[in-house]
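Each remark here refers to the structure printed beneath this line.
The values are calculated or read from the model by the stated rules, or taken from the named source; none is laboratory data. All figures in this text were calculated on a predicted structure; none of them were measured in a lab. Using ideal geometry, Cβ is built from the backbone for each residue, glycine included, and neighbour counts are taken over all protein chains shown.
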Amino acid sequence: MAVNISTQVTLTSEELNQAQQSIQVLRNNLEQVIQGKSESINILLMALIANNSILMEDVPGVGKTTLAKALAGSISSKYSRIQFTPDLLPADILGGSVYNPKDGSFDFRPGPIFCNILLADEINRASPRTQSALLEAMAEMQVTIENERHVLPSPFLVIATQNPVEFHGTYPLPEAQLDRFMVLLRLGYPAQADEVGILQSQSQSQPIDHVTPVLGPDEVLTLQKNARRVTIEVSIVQYIVELVNRTREDGRLSLGVSPRGSLMLYHACQARAFMEGRAYVLPDDVQKLAVPVLAHRVVLDTKSKYDGTSKNQIIADILNDVPVPV
């Protein structure tokens, strides 16, 4: 992977400080709603700043939908929620033409996908045909309906949720769709002290009801644009590529990480460095993000699948084996 660093304009300290203030305000807004999940919130914000989608997979009731709604409420932007069900059709997501009997014309009515933040709730409950309606949107920020191209609003972020413990009436996401999510996030159960705080904070009202916008779409676009100006030294780019290549050679995997995966790890590292006020990426950024960005993209071979091998552990093993650039 070749990266031309010489054409990048270095971020100024003023731009970095201003970005940190905006991100901190947004982070504070989310932490009022979801307590004790600062790392999960950071990963969600990283995906937003990197301008890519996120898949949240966890048991019911841990706050997946609430976190997505809190992010949408923190940005004065258009938000849509689609409850994925087996009878959902692609047209229910994308929209379509409606016949006008007055003049015999057809008027296009956009579907809920025409928004800034789309919550695809329980995405694995819809049929593969309906799931595929999101593929073009997630990869190209556009949709093609009746041979006509429609550009989606910017910024555009898909936050999808799925329940890993229920299999009746669900359709596993195909690898082609998993590959389009930048990161797989698992919230997990809260610590006991945090759960006490959650109960007390909701004694009279829901914290999500009091979320107010703190950033606008233009400010989010500025953050996304400036994050791409973060410098990645060539040795770290080579480090990313070596990690990805090891997944393609690992005997425990039948499918390794695609070039799209290496590119998403590249942009995720830029976003993480930017969030921490740095204009450059460190190897630590790669190590922190390798598992959430890469693990869901690999496919275990038959033997590994049935002997309980973990995808996360395979990525961790590769991280331990590959020398870290100095």
Worksheet item: Residue check, residue 83 against (1) out of contact with any Asp or Glu (no Cβ under 6 Å at 6 or more places or on another chain); (2) at negative phi, all met but one. Which one?
Response: (1)
Worksheet item: Inside the range 245-260, can you point out the residues that are buried (at least 22 other Cβ atoms within 10 Å of the Cβ) and under 19 Å from the mean Cα position of the chain (by Cα)?
Response: 257
Worksheet entry | Answer from 230, 211, 241 - the residue that is among the aliphatic types (A, V, I, L, M) and at pLDDT below 90 | 211
Worksheet, complete the sentence: Going through the range 143-183 in order, the residues found to be aliphatic (A, V, I, L, M), over 14 Å from residue 59 (Cα atoms) and either modelled with pLDDT of 90 or more or surrounded by 15 or more Cβ atoms within 10 Å (Cβ to Cβ) (or both) are 143, 145, 151, 152, 157, 158, 159, 173, 178, 182, 183
Worksheet item: Take the residues of the range 272-284 that are part of a helix (DSSP H, G or I) and touching a residue at least 24 places away in the same chain (Cβ under 8 Å): which is nearest to residue 321 (Cα to Cα)?
Response: 283
Worksheet item: In the range 31-120, which helices (runs of 4 or more DSSP H) lie fully inside it and hold 3 or more residues that are within 16 Å of the chain's Cα centre (by Cα) and closer than 17 Å to residue 158 by Cα?
Response: 38-49, 64-74
Worksheet item: Filter the range 285-316 for residues that are of a type in the set (D, E, K, R) and in contact with a helix residue (DSSP H, G or I) (Cβ under 9 Å, 6 or more places away or on another chain); which is farthest from residue 173 (Cα to Cα)?
Response: 285
Fill in: Residues being loosely packed, with under 11 Cβ neighbours inside 10 Å and either under 15 Å from residue 146 (Cβ atoms) or among the acidic types (Asp, Glu) (or both) - total across the range 97-115
5
Worksheet item: Conditions: (1) buried (at least 21 other Cβ atoms within 10 Å of the Cβ); (2) small (Gly, Ala, Ser); (3) under 18 Å from residue 55 (Cβ atoms). Residue 132 meets all but one. Number of the miss?
Response: (1)
